[in-house]
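In what follows, a single structure is set out as structure tokens and then discussed.
What follows is calculated from the coordinates using simple rules that are stated; it is not laboratory data. Values in this document were obtained by computation on a predicted structure and should not be read as measured data. Every residue, glycine among them, receives a Cβ derived from its backbone with ideal geometry; neighbour counts consider all protein chains shown.
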């Protein structure tokens, strides 16, 4: 109908069903018509389509990739455990933030143990060396004739008789001029090739030290020193000998335990194969500049052992004075055992505690590493 308006015609046109074209009937023998190809289209024969790969089978990690290497691949950075083994894997670890190798807590504990062990081991070694030097002196003296040994003793008595009223200086505060003629004369008395004057033995505290001439710092690092200005320790009436050694050295015991001596204890000097025994009669603590107790006492044969006190402070001097016991002993009780101090016991206890702590840390690290290894052996789906 020609009278309808445009919009109405449009709606009806939209509502009118589109006729379906009838299917074409083709002969079985007729060739298939080629589709029209646009100028910009690519012919089907020109397309190269890669065949889609078949779905991969479930991938199983080879045994070589299991363990720490697989753990690193999964982002757990196992501190190069795959490259380290044994003690090295316990002493070092890799910082995941900086990718640097660092010492483990166990390694730091072991370093601390070594630091604690050094003073004890060095002290035991130096104490043993002092006894070795003393035994070497004894062996050297035994090779000399009796006449030569007697001549050394007689010369020492002559020196003591000709030197009276000499000033006695504190060996730890005052410097002794060793280039003076008087000191050079003193140094030639009992001068053995090894420089040893004799040996001091204190059985109660296990001391056996070589005695050297003078009290220079170098001398007192090696052993005991005889104080210049006092009598040579060969005994005699109206004589007073003074021998000193350090207390508190970090690498040697020396006179550390001199405080353990009391009235009635004994100490000995061995000079040229002859033994001079003394029994303690007094113990004093004096000011370093007070030599009044180091002078000769008429009619008495005295010897004093001197060291610094208190331990670690060294503000005063400890004097252990003994009087000669006659007759001279033929043999002295053995003093070749281990010389031990109280501070060494504390260090050993600290070392034992540190070793126990190190053992616990190592055991924990090994257990943790074993657990990580077991986790690395599990398939991925079991770790979620």
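Each of 285, 361 has some number of other Cβ atoms within 10 Å of its Cβ, and from fewest to most they run 285, 361. Separation of segment 227-249 from segment 128-197 is 11 Å, based on Cα centroids.
Counting neighbouring beta carbons within 10 Å and listing from fewest to most, the residues 172, 118 come out as 118, 172. Most tightly packed first, judged by the mean number of other beta-carbon atoms within 10 Å of their residues, the peptides 175-184, 215-224, 343-352 read 215-224, 343-352, 175-184.
On the basis of the beta-carbon distance and an R0 of 35 Å, residue 162 and residue 338 show a calculated FRET efficiency of 0.25. With neighbour counts taken as other beta-carbon atoms within 10 Å, the residues 159, 186 rank, fewest first, as 159, 186. In plain terms, the chain from residue 328 to residue 122 could stretch by 70.6 nm, reckoned as 0.36 nm per residue minus the Cα-Cα distance. Does segment 192-348 come out rounded, prolate or oblate by the C-alpha gyration tensor, with a ≥ b ≥ c the root eigenvalues, rounded set by a/c under 1.5 and, if not, prolate when a/b is larger than b/c and oblate if not? The shape class here is rounded. Percent of C-alpha pairs per 5 Å bin in segment 265-334, short distances first: 3, 15, 23, 21, 16, 12, 7, 2. Using 12 Å as the cut-off for backbone N distance, which residues of segment 200-239 belong to the label zone defined by a point 7 Å from the Cα of residue 183 along Cα→Cβ? Only 214-219, 228-229 pass the distance filter.
Of all DSSP-defined beta bridges confined to segment 145-337, some 75% are antiparallel rather than parallel. The value obtained for segment 162-210, namely the Cα convex hull volume divided by the number of residues, is 141 Å³ per residue.
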